[in-house]
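One structure is given here, and the rest of the page talks about it.
The values are calculated or read from the model by the stated rules, or taken from the named source; none is laboratory data. If you're wondering where the values come from, they're calculated on a predicted model, not measured in any experiment. Don't worry about glycine lacking a Cβ; one is built from the backbone with ideal geometry, like all the others, and counts go over all protein chains shown.
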Amino acid sequence: MHRGKGMKFVGDSRVPAERTPNIPKDYSEYPGKTEAFWPNFLLKEWMVGAVFLVGYLMLTVSHYSPLERVADPTDASYIPLPDWYFLFLYQLLKYEFASGDYTVLGAVVIPGIAFGALLLAPFLDRGPERRPIKRPIASGLMLLAIASIIWLTYESVANHDWEAAAKQGAIVEEKQIDMEHEGYQIWLTQGSCINCHGENMAGNPGVAPSVFEHGYTKEEIIDIIVNGKGIMSGGLFTGTDEELEILAEYIAADGTPE
């Protein structure tokens, strides 16, 4: 007979169960090395988070988010600018080794390696030391990442044409035109014009620009209406030559002829 075969263990309800309270361990013998997650460490995290949250709320109240005009996909001259926390990636894509035929390298490969290295840092350096000088791999990766982000962000801000950016995104008030003028009445009869440029002649984002943002002369406007330009087809005007002259003169005067 094998030892223990057929043996059964039976509990006895008369034996009281000893339960110890959930008291965190005493880390006084290891000052500065570690501490209890609850409540010591978590409380510190909450306090730091609260300070940053209050600072962020104060920033949003004192400095409103800048707004630009309605986006126009047909405006190929518009140069978009990402938010400040993506400026370093925006600058990276300006270099020859990360743009053009190498866009995938600058947009996917390099950022992927950089962020992958940061994610792997805890696994590459598993030392118990908390001092940065004792953890060269993790500290080196972090310092390299911070220096790269700061430098690329600075280069992006220093080399960007902020004056041109302010002009291209400026919100322009709706132009007041003379709706009693004969030229405007002729405009209303041209359904093909209104469909794209609108009744107020201010254009539609993604469809057609304003008829006043050009600087063309009367003769140039007539030529565009008759022959078309770009995606605009010619031969859409259905009025007489005299009406065409009046309409072109009205547009050349920015809708406010004397």
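Does A121 meet the test of being part of a helix (DSSP H, G or I) and under 30 Å from C196 (Cα atoms)? Walk me through how you get there before you give the answer.
Details: part of a helix (DSSP H, G or I): yes; under 30 Å from C196 (Cα atoms): no.
So A121 fails the test.
Pairs please, first residue from the range 167-187 and at pLDDT below 80, second anywhere and hydroxyl-bearing (S, T, Y) and part of a helix (DSSP H, G or I), Cβ atoms under 6 Å, 6+ apart in sequence or on different chains.
Pairs found: none.
Hey, among the residues in the range 41-75 that are within 26 Å of A202 (Cα to Cα) and β-branched (V, I, T), which one's farthest from the chain's Cα centre (by Cα)?
T74
Here's the yes/no breakdown for (1) surrounded by fewer than 11 Cβ atoms within 10 Å (Cβ to Cβ); (2) over 23 Å from L143 (Cβ atoms):
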residue	(1), (2)
A76	yes, yes
P80	yes, yes
L87	no, no
L105	no, yes
G116	yes, no
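Residues checked against (1) surrounded by 15 or more Cβ atoms within 10 Å (Cβ to Cβ); (2) of a type outside the set (S, T, Y); (3) not assigned by TED's automatic domain parsing to the domain that holds L244:
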residue: L120; (1), (2), (3): no, yes, yes
residue: R131; (1), (2), (3): no, yes, yes
residue: A166; (1), (2), (3): no, yes, yes
residue: C193; (1), (2), (3): yes, yes, no
residue: C196; (1), (2), (3): yes, yes, no
residue: E219; (1), (2), (3): no, yes, no
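Go through (1) closer than 26 Å to I150 by Cβ; (2) free of Cβ contacts under 8 Å to residues at least 60 places away in the same chain for L81 and report which single condition fails.
Failing condition for L81: (2).
Of the residues A114, A138, A147, which is of a type in the set (A, V, I, L, M, F, W, C), assigned to a helix (DSSP H, G or I) and farther than 24 Å from L81 by Cβ?
Only one candidate passes the filter, namely A138.
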